[in-house]
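First up is the structure itself, then whatever we jot down about it.
The values are calculated or read from the model by the stated rules, or taken from the named source; none is laboratory data. None of the values given here were measured: they were computed from a predicted structure. Backbone-built Cβ (ideal geometry, glycine too); neighbour counts: all protein chains shown.
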Amino acid sequence: MTSARLLLVDDSDVNLLLYRSVLAQLTSFDLQVDSHHSSIRALEAAREKAYDVIVVDYRMPELDGLTFMKRLVAETQGNSALVVMVTADKDRDIRQKALEYGATDFLNKPIDRLEFLARVRNLVTLATHRRLLSNRAEHLAAEVAAATNDLQKRELETIIRLTRAAEFRDDVTGMHVIRVGEMCGALARSLGLSQNDIELLSMAAPMHDIGKIATPDHILLKAGPLTQQEYEIMKMHTTAGYEILRDSESDLLRRAAEIALTHHERFDGKGYPAGLSGSQIPISGRFCSVVDVFDALSSARPYKDAWSIDKAFAEITAGSGTYFDPEVVDLFTDCFDDILSIKKRFADGTLPNPWNCHSSQRSEHGSHLPSRSAETRHVVSDG
Ligand SMILES: [Fe+2]
Ligand SMILES: [Fe+2]
């Protein structure tokens, strides 16, 4: 049996009793009927409960039927009740106004029992169908959201795996790139960027060094310091990454292209490849350069031990205004607890489920990352 909620509003208790006795004949529905002779009290009730059908008298003390309807729309968010107004036949203007305020139907006063019954039955049926449709729409929306979420997870998995493939020679398990993504997300959250921007950055930043796929082994894996010529070739991983990722229709890949191109720019304009400075460097690149260097310094590499957290942090603050945007360094300092917890959560050790990583709800994972990234070598050798 379908159920529906009805609200009856009439200042006459006699009328309310009459309505109730007629409604008792609607035995094919499970009706929950509330009635109020105070229109103000009825409005309060409508604010508290979602009614399917409201029968409201026009001529009432306190609020008349029109004012009631006006306030009902204004004060009940998403109110979807079907409203029947009870008026005298001569109140043509009132009916016009009631239609403007969203009345669905009218009943003549004094009411005819059969007419009242038929109208209410139709409206309850209509309201029930509307509710079923709306439930169905909600159900479909939830299914679409779940499917989209699934797709995004798979997209992220593909990206992480391709990123790992590109970095496999010097970042075997890929935890560094995941941490860089998470840390960029933490900076974005701390700056108050939108959830969409936070997720985009977290997912795009792991691709920052994808251009290293074009860096020859003898340079990428060289144990000693690079010659100037080798360094010039190493620097090309930024433009190579940009070329790989550019011109996509995907926001994610476009953001990744931007980060790949600009994550070695320096705030003072002495970085590469373009020598951009200050706000010429996209915020994504400024974020990535800070967390990339911090994470690379504080991670073990084949040619160096991990720096202590304090020493790596000091290196970042020392680079404020030269290497790094001072405002981003301040942000990094402000959310340093988050940075450390990411460092711990995605510690080198065991292989994670990387496609579960970018959201704010992450499980504990870990893996080992014997990596010697370009950024470590450059900062360490430069500074
Ligand atoms: Fe890099
Ligand atoms: Fe890196």
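Within segment 273-307, if we keep just the residues that are assigned to a loop (DSSP other than H, G, I, E, B) and at pLDDT 95 or above, the residue that is nearest to residue 234 (Cα to Cα) turns out to be 273.
Of all residues in segment 203-224, which are outside any helix (DSSP H, G or I), charged (D, E, K, R) and within 15 Å of ligand 2 (Cβ to nearest atom)?
209
Within segment 254-273, the residues that satisfy the criterion of being more than 14 Å from ligand 1 (Cβ to nearest atom) and touching a residue at least 12 places away in the same chain (Cβ under 8 Å) are 255, 267, 268, 270. Among the residues in segment 20-38, are any of a type in the set (S, T, N, Q), touching a strand residue (DSSP E or B) at 6+ places or on another chain (Cβ under 7 Å) and assigned by TED's automatic domain parsing to the domain that holds residue 115? Scanning segment 20-38 turns up at least one residue that is of a type in the set (S, T, N, Q), touching a strand residue (DSSP E or B) at 6+ places or on another chain (Cβ under 7 Å) and assigned by TED's automatic domain parsing to the domain that holds residue 115.
Listed here are the residues, each with its yes/no results for (1) surrounded by fewer than 19 Cβ atoms within 10 Å (Cβ to Cβ); (2) of a type in the set (Ser, Thr, Tyr).
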site: 4; (1), (2): no, no
site: 8; (1), (2): no, no
site: 11; (1), (2): yes, no
site: 20; (1), (2): yes, no
site: 28; (1), (2): yes, yes
site: 61; (1), (2): yes, no
site: 71; (1), (2): yes, no
site: 75; (1), (2): yes, no
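When residue 235 is tested against (1) surrounded by 24 or more Cβ atoms within 10 Å (Cβ to Cβ); (2) within 16 Å of ligand 1 (Cβ to nearest atom); (3) under 22 Å from residue 299 (Cα atoms), only condition (1) is not met. Restricting to segment 239-272, and then to whatever is closer than 22 Å to residue 312 by Cβ and not in a loop (DSSP other than H, G, I, E, B), can you tell me which residue is farthest from ligand 2 (Cβ to nearest atom)? The selected residue is 262.
The residue that is modelled with the lowest pLDDT, counting only those in segment 89-103 that are outside any helix (DSSP H, G or I) and exposed (fewer than 13 other Cβ atoms within 10 Å of the Cβ), is 89. Across segment 241-253, the qualifying residues are those that are surrounded by fewer than 22 Cβ atoms within 10 Å (Cβ to Cβ) and over 24 Å from residue 192 (Cα atoms), and the one among them that is nearest to ligand 1 (Cβ to nearest atom) is 242.
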